[in-house]
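First up is the structure itself, then whatever we jot down about it.
The values are calculated or read from the model by the stated rules, or taken from the named source; none is laboratory data. Since the model is a prediction, treat every value here as computed from it, not as a measurement. Ideal geometry is used to build each Cβ from the backbone, glycine not excepted, and the neighbour counts take in all protein chains shown. Calculation scope for accessible area: heavy atoms of the full protein, side chains included, ligands and nucleic acids excluded. Shrake-Rupley method; radii C 1.70, N 1.55, O 1.52, S 1.80 Å.
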Amino acid sequence: MEKLSRRLISWASLLDEKTLEQAHTTARMPFIYPHVALMPDAHLGKGATVGSVIPTLGAIIPAAVGVDIGCGMIAVRTQFTKQDLEARDLTGLREAIERAVPTSAGAYNRKIVATAAPRIAELEELAERSEFDPSDYAGHWRHQLGSLGSGNHFIEVSVDEDDRVWMFLHSGSRGIGNKIATHHIKVAVQLNKKWWIDLPDPDLAYLVEGTPEFSAYISQLKWAQHFALLNREEMMDRVARQLSETMGETVVEAERINCHHNFTQSEKHFNKTVWVSRKGAIEADAGRPGLIPGSMGTASYVVEGKGDPVSLNSSPHGAGRQYSRTAARKTFSHDQLREAMVGIEYRDTDAFIDEIPQAYKPIDQVMADASALVEIRHTLRQLVNVKGD
């Protein structure tokens, strides 16, 4: 841990100058209390740094949550072992998962399946209570529930240190969450211009607590966060069905963890109630289970929070990028991706070059930096990886 200023504290040993400058800019916003906590996976983001915890008094910066509201992880430990799985057709399992879960940007379900229907009904009821219609943002939002997306989102079948099989996936609130976030970021920008507020970065535009615009954002944000959580639950049910069919035996869940890492909620820290925006960070209260993935070819971790108060009970959410997607494509090759993915069943395409493990910070260094924030419970290694283009 390093105190970089009165309002910026960092746990990141790997930090570039642009990311550091961006974090300092956010930390100087007048309503930050008590300080911004910069996580070990911190890297440059839009407006606010990815891998930061931003506590605010009386205001929220929508871009400090990001456009994938509620993005996060879910993991389920099964009764199967590595030996059970290695005797099966892993290519067939990957392809079955890809058929069951729509992947890639803009992909959605052609029909609403039985497991999705009650979750959609729950979201419809929540939207009605929140006094807004999600269809105003995305008319096909119901058909997005149970879809993965692209980029660093993934579905994996992995094994832990005791060779127990886990299902593990990463996704968020899809197109509907993006549209909700984009709308409220624009509203914040317009209001700040109207109020003649001079911002160091337009993407740090904020909404003031007590205004109708703030209330609308919070209610719709909570809805999108719940969509993201249910989206992961729906996909996990589908992955479990495909794994059950592959194994010839129904999956028995021994443990399930579902956690956000792009979200806002009201919390009490340092004797004040603040809005805590975690943009690429998970809650790490003492004893709370959490999930920290590496890249598509490296280890992921099931962790338990230590409740470090200076970090605002937070921890990193993953490895964090070292290369932008454009830079990664210019730097690495398809052959290097293949080499990094030896031993893992995945769809071999150059579409994933920008997701090559070398584009990310070393996950072992991130976890070492986070040793005061979380304790590692399980280390997971991928056998099957599913991603969208």
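Here the dipole of the chain is about 960 debye; that uses its Cα centre as origin and unit charges on the Cβ of Lys and Arg (positive) and Asp and Glu (negative). Mean separation of Cα pairs under 8 Å and 6 or more residues apart, divided by the residue count, gives the chain a relative contact order of 24 percent. Taking every alpha-carbon pair under 8 Å whose residues sit at least 6 apart, the stretch 262-342 reaches a relative contact order of 24 percent. Projecting the Cα atoms of C259, T326, M367 onto the charge dipole of the stretch 248-389 (Cβ charges, centred on the Cα centre) puts T326 farthest toward the positive pole. Taking the accessible area of the chain, probe 1.4 Å, and keeping the other protein chains in place, the carbon and sulfur fraction comes to 48%. Across the alpha-carbon atoms of the stretch 111-196, the computed radius of gyration and Dmax are 17.8, 59 angstrom. How much net charge surrounds N385 when only other residues with a Cβ under 10 Å from its Cβ are counted (Lys, Arg +1; Asp, Glu -1)? Within the 10 Å Cβ shell, the charges total 0. Compute the Cα gyration tensor for the stretch 238-364, then decide on rounded, prolate or oblate, letting a ≥ b ≥ c be the square roots of its eigenvalues: rounded whenever a/c is under 1.5, prolate when a/b is larger than b/c in the other cases, and oblate in all that remain. Oblate, because a/c is 1.5 or more while a/b does not exceed b/c. Could you tell me which of rounded, prolate or oblate describes the stretch 1-76, using a ≥ b ≥ c as the square roots of the eigenvalues of the alpha-carbon gyration tensor, with rounded for a/c under 1.5 and, failing that, prolate when a/b is larger than b/c and oblate otherwise? Since a/c reaches 1.5 but b/c is at least a/b, the shape of the stretch 1-76 is classed as oblate. Ligands, DNA and RNA aside, V189 has an accessible area near 40 Å² when probed at 1.4 Å.
In the stretch 258-389, a dipole from Cβ-located charges (positive for Lys and Arg, negative for Asp and Glu) runs towards its positive end, and of V303, V276, H317 it is V276 whose Cα lies farthest in that direction. Charges were assigned to the Cβ only: +1 to each Lys and Arg, -1 to each Asp and Glu. The resulting dipole of the stretch 32-159 about its Cα centre is roughly 260 debye.
Seen from all directions on average, the stretch 137-295 presents a Cα convex hull projection of 12.7 nm². Over the C-alpha trace of the stretch 266-322, radius of gyration and Dmax come out as 12.7, 42 angstrom.
Average accessible surface for the stretch 193-259: 46 Å² per residue, computed with a 1.4 Å probe over protein heavy atoms with every protein chain in place. The stretch 217-285 and the stretch 131-163 have Cα centres lying 11 Å from one another. Taking Cα atoms only, the orientation of helix 116-129 departs from the longest principal axis of the chain by about 10 degrees. Converting phi to 3J(HN,Hα) with the Karplus coefficients 6.51, -1.76 and 1.60 and the offset θ = phi - 60°, the stretch 155-166 yields 10, 9, 10, 10, 10, 9, 5, 9, 6, 8, 8, 10 Hz in sequence order, with x at every glycine or proline. Distance between the C-alpha centers of the stretch 170-189 and the stretch 335-389? Whole Å please. Cα centres, the stretch 170-189 to the stretch 335-389: 27 Å. Residues K387, K18 ordered from highest to lowest accessible area at a 1.4 Å probe: K18, K387. Rolling a 1.4 Å probe across the protein heavy atoms gives the stretch 261-389 an accessible surface of 38 Å² per residue. Which of the three applies to the stretch 2-157, rounded, prolate or oblate, going by the alpha-carbon gyration tensor with a ≥ b ≥ c and a/c under 1.5 meaning rounded? Here the stretch 2-157 falls in the oblate category.
Against the main long axis of the alpha-carbon atoms of the chain, helix 17-27 sits at an angle near 50°. Between 0 and 90 degrees, the angle of helix 212-247 with respect to the longest Cα principal axis of the chain falls at about 10 degrees.
Most tightly packed first, judged by the mean number of other beta-carbon atoms within 10 Å of their residues, the peptides 303-312, 60-69, 112-121 read 60-69, 303-312, 112-121.
Computed per residue of the chain from DSSP H runs no shorter than four, each worth -39500 (n - 2.57), the mean residue ellipticity at 222 nm is -10000 deg cm²/dmol. Distant-in-sequence amide contacts of H261, defined by a placed amide H-H separation under 5 Å and a gap of 5 or more residues or a different chain, comprise C71, G72, M73.
Computed over the chain, the P(r) curve from all C-alpha pair distances, binned at 20 Å from the origin, holds 29, 59, 11, 0 percent per bin. Descending by average beta-carbon neighbour count within 10 Å, the peptides 254-262, 88-96, 40-48 line up as 40-48, 254-262, 88-96, the highest first.
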